[in-house]
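The values are calculated or read from the model by the stated rules, or taken from the named source; none is laboratory data. The shown structure was predicted, so the numbers you read here are calculated from the model rather than taken from an experiment. With ideal geometry, Cβ positions are generated from the backbone for all residues, glycine too; neighbour counts draw on all protein chains shown. All accessible areas refer to the heavy atoms of the entire protein, side chains included, with ligands and DNA or RNA removed. Shrake-Rupley method; radii C 1.70, N 1.55, O 1.52, S 1.80 Å.
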Amino acid sequence: MKNLKLWAVGIAVLLIAVFTGCASMQLVSVEQDTVTGPKQVRQGQDINPREITVWGIYKNGDRKVVNVNQNNITFNKHTPGIQTVKVRVGGFSTNQEVSFETEVMALRTLSIASQPRVALFKEGDVPDPKWPGLEIRGEWDQMGSHKIEITSCEVTGFMKDQPGKQTIKITYEGIQTTFDIDVRSMASLVIVQNPTKLDYLQGERLDLTGLSVRGVWGDGIPDETLSITASDISGFNQNNSGIQRLTITKNGKTVNFNVEVLALSSLELLKPPTKTEYHAGEQLDLTGIEVSGNYTGADPTKRKSTLIPVEQLTTSGFEPNRVGRQQRVTVTVRGISANFFVNISEAPAQPAH
């Protein structure tokens, strides 16, 4: 317990020392007459806080240079001429404002010191907004040349969907300079590899697994493997049997490949439903049924068989209230049918109450 009390006392003393130190570092006043800053500033450029000196008097009597934050500097950097620069300094409760005068020197010219590393684009491409390699320099009245960051400029004139030579405009503080780029349209599409699946059964959806398509530009632009989705393909109809010519369209260019939709030629009942004995009034239950669809291509030797999902079967002929044996039930898919038989007996008598 004694150690705990000593620890608490120590902490209290430390906190008092910290708060006392902070209080002693509280800014009391600033010396307006001693504020200094740059005499000239380039139009459009911010003032570096390190170029501003503000002397302050603190609560403990110290006279020291006050820290200046970029966000606390206010002036009109866009208008050439004499400007009053206002600087807010101090803490939350002791904000004080000082000022000095500077002259914003007019920007005379812009120039391209070095061209962007990439000036040849594929139609549809979007350039890096920083335009790597591009260097822009400005020439200011009485202040010479200086680099200008592209992020400070307005860049206009690039049209990603318009092939040909384009002039890109760089605007900074109302002054412009330009450079040229070239947007190339794709020359052709090439199928590198067809989809794995080229034969379909009637009703199956298009499967593009394995499809590889390359865009060819030429003129020094490397080929590119393109992403192809179903929306890029026309000509496929899953309900129509026969050989179908599908067209891939990308960037205004097309290429084709063929698939075949095999027609459903017959159904085969492999296994009837588990339930074939019914009482009058019961609903048909297809649990356990297995129906195979037989499909044939344009070449009759091309045949495929597969189980038909139960949800694709349409039934007819079942009359739950007609008592009798060997009632024929028909299952149909795309107009092709197969049959099985059920027996319906009288409903069991209800016990008397």
Where labels lie 7 Å past Cα in the beta-carbon direction, separation of ALA230 and THR36 in nm
7.5
Leaving out ligands, DNA and RNA, what percent of the accessible area of region 237-353 is carbon and sulfur, probe 1.4 Å?
47
Given R₀ = 30 Å, FRET efficiency for GLU319-SER265 by Cβ-Cβ distance, to 0.05?
0.55
Cut-off under 5 Å, modelled amide H: who pairs with LEU211 long-range:
THR196
Kirkwood hydrodynamic radius over Cα pairs of region 18-158, then Stokes diffusion coefficient at 25 °C and 0.890 mPa s, in µm²/s:
135
Kindly report the accessible area of region 94-231 per residue (heavy atoms of protein chains, probe 1.4 Å, no ligands, DNA or RNA), in Å².
54
Given that just one value was derived from the coordinates, which of [x] 22.0; [y] 30.5; [z] 20.0 is Kirkwood radius over Cα pairs in Å?
[y]
Please give the calculated 222 nm ellipticity per residue for the chain, where each DSSP H segment of at least 4 residues contributes -39500 (n - 2.57) and the sum is spread over every residue; nearest 500 deg cm²/dmol?
-2500 deg cm²/dmol
Set LYS165/LYS250; LYS64/LYS147; LYS77/LYS169; LYS253/LYS304; LYS77/LYS160; LYS59/LYS86 screened for pairs whose C-alpha atoms are more than 30 Å apart:
LYS64/LYS147; LYS253/LYS304; LYS77/LYS160
Within 10 Å of each candidate Cβ there may be at most 11 other Cβ atoms; applying that plus a DSSP loop requirement, which GluC sites (Glu not before Pro) in region 126-189 survive?
GLU149
How many angstrom lie between the Cα centre of region 292-353 and the Cα centre of region 214-271?
35
Which of the aspartates and glutamates could be linked to LYS130 by a straight reach, that is with a Cα gap under 14 Å, when you skip same-chain ones fewer than 8 residues away?
GLU149, GLU154
Just to verify a number: FRET efficiency for THR109 and THR53, C-beta to C-beta distance, R0 = 41 Å, to 0.05?
0.80
Seen from all sides and averaged, what is the projected area of the convex hull of the Cα atoms in region 97-138, in nm²?
5.8
Reachable aspartates and glutamates from LYS122, Cα under 14 Å, same-chain residues fewer than 8 places away excluded?
ASP161, ASP182, ASP219, ASP223, GLU224
Expected unfolding gain across LYS169-ASN60 under the 0.36 nm per residue rule, minus the alpha-carbon gap, is 33.6 nm
Can you list the HN-Hα couplings for region 239-252, worked out from phi with the Karplus curve (6.51, -1.76, 1.60; θ = phi - 60°), rounded to whole Hz and with x for Gly and Pro?
9, 9, 7, x, 7, 10, 9, 9, 10, 9, 10, 8, 6, x
Ratio Rg/Rh, restricted to region 106-207 and using Cα atoms, in which Rh is the Kirkwood radius
1.31
Taking 0.36 nm per residue of separation and subtracting the Cα-Cα distance, what length does fully extending GLN70 through THR287 add?
70.4 nm
Ranked from the most accessible area to the least, with a 1.4 Å probe and all protein chains present, what is the order of LEU211, LEU246?
LEU211, LEU246
Karplus-derived HN-Hα couplings along region 184-189 (A = 6.51, B = -1.76, C = 1.60, θ = phi - 60°), whole Hz, x at Gly and Pro:
10, 7, 5, 7, 6, 10
Computed from the beta carbon distance with a Förster radius of 41 Å, FRET efficiency for GLU135 and LEU198 to the nearest 0.05 stands at 0.15
Relative contact order, percent, the chain [alpha-carbon distance under 8 Å, six or more residues apart]
8
Quick one: helix 2-24 against the long Cα principal axis of the chain, what's the angle to the nearest 10°, folded into 0 to 90?
60
Any chance you could look up the accessible area of ASP219 with a 1.4 Å probe, heavy atoms only, rounded to 10 Å²?
120
For region 261-312, which trypsin sites (Lys or Arg not before Pro) pass both filters: DSSP loop (anything but H, G, I, E, B) and at most 14 other C-beta atoms within 10 Å?
LYS275, LYS302
Pop out the ³J(HN,Hα) list for region 108-121 in order, Karplus 6.51 cos²θ - 1.76 cosθ + 1.60 with θ = phi - 60°, rounded to Hz; leave Gly and Pro as x.
9, 9, 10, 8, 8, 7, 8, 6, x, 5, 10, 10, 10, 10
